[in-house]
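See structure below.
A short reminder: the numbers here are calculations on the coordinates, not readings from a lab. Just so it is clear, the model here is predicted, and its values are computed rather than measured.
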């Protein structure tokens, strides 16, 4: 398991999710929740979208390469990756940002 976790395709999506969540929480702490939709989303929204969208091909690559080699270990890591992705996306949907 340790050797599989050291692969960049295993930990990069989790790090990207953590960065997206930290970016979102920092933005909410500094500017609070917007009361009305703004015409321009802003740089924070674009960076968040890049971080979230960039994970999808990495997760797909990890699944294609490592699921056939070590199904149990890869599935455990995929679960963590998807949970981290959902944790980063949930505040946007729950707060209607």
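Relative to the longest principal axis of the Cα atoms of the chain, helix 43-66 runs at roughly 10 degrees. How far, in degrees from 0 to 90, does helix 71-94 lean away from the longest principal axis of the Cα atoms of the chain, to the nearest 10? That helix lies at roughly 0 degrees to the long axis.
Helix 8-31 and the longest principal axis of the Cα set of the chain meet at an angle near 10°.
Restricting to Cα pairs below 8 Å that are 6+ residues apart, what does the relative contact order work out to for the chain? Please round to a whole percent. The partial results should precede the final answer.
Working: 67 pairs, mean separation 45.3, N = 97.
Relative contact order comes out at 47 percent.
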